[in-house]
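Every number here is computed from the coordinates shown, using simple stated rules; none is lab data. Since the structure is predicted, the reported quantities are computational estimates derived from the model, not experimental observations. Methodologically, a virtual Cβ is constructed for each residue, glycine included, from the backbone with ideal geometry; neighbour enumeration extends over all protein chains shown.
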Amino acid sequence: MDFNLAEIHEAIAAAVPDRECLVFRDRRLTWAGITDRTRRLANHFLASGLRLRRERPGLHGWESGQDHLAVYLHNGNEYLESMLAAFKARIVPFNVNYRYVAEELVYLLRDAQARGIVFHSAFAPLLAEVLPELPELRVLVQVEDESGHALLPGAVEYERAIAAASPERPDLRCSPDDLYCIYTGGTTGMPKGVLWRQADVLVTALGGKRADEREWDSLDALVAQAARGKARGLPAPPFMHGAAHWNAFATWHAGGTVVIQREVKRLDPDDVWSTIEREKVASMIIVGDAFARPLIDQLRRRSYGLDSFRLLISGGAPLNLAMKRELHDLLPGVTLLDAVGSSETGRQGQIASTSAKEAVSGTFNPTPDNCVVSGDRTRVLAPGSEEIGWLAKSGRVPLGYLGDRAKTEQTFPEIGGTRYSLPGDRARLRADGTVELLGRDSVTINTGGEKVFAEEVEHAIKHHPAVWDAVVVGRPSERWGQEVVALVKLREGASASAEELADECAHHLARYKLPKAWLFLEEIVRSPSGKADYRWAKARAIEG
């Protein structure tokens, strides 16, 4: 069956109204409390003129019939409340990267056709600068924070908007066809808005399946299971990254409690582990090595009472094997779950380990409806073919990219009469049915007639104990066409030469894949979600 996200939350809240739904700093909000606040906020959006303008049937996959709401916030209860309230008002929330400069912000809000925005006061000065260029953006809801910036002209303060609105559930018939939109990170190109039916993204990314991967056959069955679940999960990355708010909604759909750490503007490892200890958190999601490294280092500095902690998930970027082994040594009894997926596919595969001995990196067990298709996009590959193809998903896939027919048709082609999502990850299907993930085609380096996958080289470099972080890109070369360049940040107090790092890489890679140049930097620029900014890295490599 198909379900709507707003209706699921309302149904679970009716079953467990007094259970904690969200914990953030001094706020402990029950399911009934979140329901009241999101109904009121939804009614404020509706009273401000935001609405559904056209039902889904008859629209192309790249078109939307709903008003769009920008969510321009740091993590906090307001982020998830704004998303849920938008679903209840039948409008479409979308994520805004809070590190964008004016030009990038204008591009995003125009591309997303934003009519409303919820934003922290810290972002008010930049938003005020660009508002004259955004005449369609008329509904402003401002969340107070420690910045002290005044309310923008025409804006309504968030808590006042909630207090003044009706507590009644909006008189709307929500649909499984209502949209969910997530913008890609834009670390390799311009951000794109991925449009999903709520019913589809629920199953593929938001925990809308049974433990055995079967879909729920009734809302009553989903709610009954949620009523028995009391897991407490901490999504550590920014909610503007899909992995984080996907994990939060999946926790809710299991009837659990979302816990948010106190420090949300940067990764504070002590704050994260202290929150897990204090709130008896059972699971946490991070994004790859950029999160794992400081968390590991903090565990070596001091001990925490982590008896409740059972599951550490990495989503959005795989964990390096060396870091997996360190985590298993430091957190015995904790399962590591490395998950692969994208904004255009949801979850595609995972690999779990419970000890350093069984930990592997770079391979995944595909979830149902995922496969590898040939490089020419004409056929599905059989296990053991050894051909490098595209990691793909069929079944419940997005409708398309907002406002972009050409990219929609390119990324979501039909192969043999079946529609697939091919977001650009290169992969190989092994004989045992596991998928070897090679990396994004957009950051593949063509050097001397050979293809080198940047992520593969990055993982090899990080095997050296002196390395804190590394990003690999290609730059123009008269001899090779492109040459592999490694940008490296060493651990504090550590030292390593380019020759030593190359020797380490040679244990894991063919010689032609080794970097031709090494740049040692004080900092590696990444997005707040922890993903590498390859546009920055390539520019820096060319400068170097």
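Taking the three principal axes of the alpha carbon atoms in region 5-224, the coordinate ranges are 49, 41, 32 Å, sorted in descending order. If R0 equals 35 Å, the separation of the Cβ atoms of residue 385 and residue 99 corresponds to a calculated FRET efficiency of about 0.30.
Based on the alpha-carbon gyration tensor of region 369-441 and its eigenvalue square roots a ≥ b ≥ c, which shape applies: rounded if a/c is under 1.5, prolate if not and a/b is larger than b/c, or oblate? Verdict is prolate for region 369-441. For region 450-520, the list of trypsin sites (Lys or Arg not before Pro) that fall in a loop by DSSP and count at most 12 other C-beta atoms within 10 angstrom reads 479. The 3J(HN,Hα) values that the Karplus relation (6.51, -1.76, 1.60; θ = phi - 60°) gives for region 264-277 are, in residue order, 10, 8, 7, 7, 10, x, 5, 4, 4, 5, 5, 5, 4, 5 Hz. Gly and Pro appear as x. Restricting region 464-538 to GluC sites (Glu not before Pro) that sit in a DSSP loop and have at most 14 other Cβ atoms within 10 Å of their own Cβ leaves 478, 492, 522, 523.
With angles folded into 0 to 90 degrees, how steeply does helix 242-253 sit against the dominant principal axis of the chain? Use alpha carbons for both and round to 10. Helix 242-253 and the main axis of the chain meet at about 50 degrees. Need one word for region 119-172: rounded, prolate or oblate. Basis is the Cα gyration tensor (sqrt eigenvalues a ≥ b ≥ c); a/c below 1.5 gives rounded, then a/b vs b/c decides. Because a/c hits 1.5 or more and a/b fails to exceed b/c, region 119-172 counts as oblate. Distant-in-sequence amide contacts of residue 30, defined by a placed amide H-H separation under 5 Å and a gap of 5 or more residues or a different chain, comprise 21.
For region 449-544, pairs of C-alpha atoms spaced more than 23 angstrom apart make up 18 percent of the total.
Across region 497-512, computed HN-Hα scalar couplings (Karplus, 6.51 cos²θ - 1.76 cosθ + 1.60, θ = phi - 60°) run 8, 4, 5, 5, 5, 5, 4, 4, 4, 5, 6, 10, 9, 5, 4, 5 Hz from first to last residue, x flagging Gly and Pro. Projecting label points 7 angstrom from Cα along Cα→Cβ for residue 477 and residue 301 puts them 3.9 nm apart. For residue 442 and residue 218, what is the calculated FRET efficiency with R₀ set at 41 Å and r taken between the beta-carbons, to the nearest 0.05? The formula returns an efficiency of 0.50 here. Counting every alpha-carbon pair across region 192-279, the share separated by more than 15 Å comes to 64%. Name the shape class, rounded, prolate or oblate, that the alpha-carbon gyration tensor gives for region 30-88, where a ≥ b ≥ c are the square roots of its eigenvalues, rounded holds for a/c under 1.5, and otherwise prolate holds if a/b is larger than b/c and oblate otherwise. Prolate, because a/c is 1.5 or more and a/b exceeds b/c. Note on the chain: semi-axes of the ellipsoid equivalent to its C-alpha gyration tensor, largest first and rounded to whole Å, are 36, 26, 25.
For the pair residue 410 and residue 136, a Förster radius of 30 Å applied to the C-beta separation gives a FRET efficiency near 0.60, rounded to the nearest 0.05. Only DSSP H runs of four or more residues enter the estimate; each adds -39500 (n - 2.57), and after division by the residues of the chain the mean residue ellipticity at 222 nm equals -9000 deg cm²/dmol. Taking a straight line from the alpha carbon of residue 357, these aspartates and glutamates sit under 14 Å away, with near neighbours fewer than eight places off in the same chain left out: 326, 329. In region 447-491, the alpha-carbon atoms span a convex hull of 63 Å³ per residue.
For region 332-409, GluC sites (Glu not before Pro) meeting the loop criterion (DSSP other than H, G, I, E, B) and having at most 16 other Cβ atoms within 10 Å: 386, 387. Per-residue extension of 0.36 nm, minus the Cα-Cα distance of residue 36 and residue 164, leaves a gain of 44.9 nm for this segment.
Taking the average, over residues, of other Cβ atoms within 10 Å as the packing measure, peptides 120-132, 420-432, 247-259 rank 247-259, 420-432, 120-132 from highest down. Between 0 and 90 degrees, the angle of helix 77-88 with respect to the longest Cα principal axis of the chain falls at about 60 degrees.
Proximity of backbone amide H atoms, modeled 1.01 Å from N, is registered between residue 286 and 313, 314, 315 at under 5 Å, excluding neighbours fewer than 5 places apart on the same chain. Here the peptides 215-225, 439-449 are ranked by packing, the mean other Cβ count within 10 Å, and the order with the highest first is 439-449, 215-225.
Using θ = phi - 60° in the Karplus curve 6.51 cos²θ - 1.76 cosθ + 1.60, the 3J(HN,Hα) couplings for region 35-42 round to 4, 4, 5, 6, 5, 5, 5, 4 Hz; x is entered for Gly and Pro.
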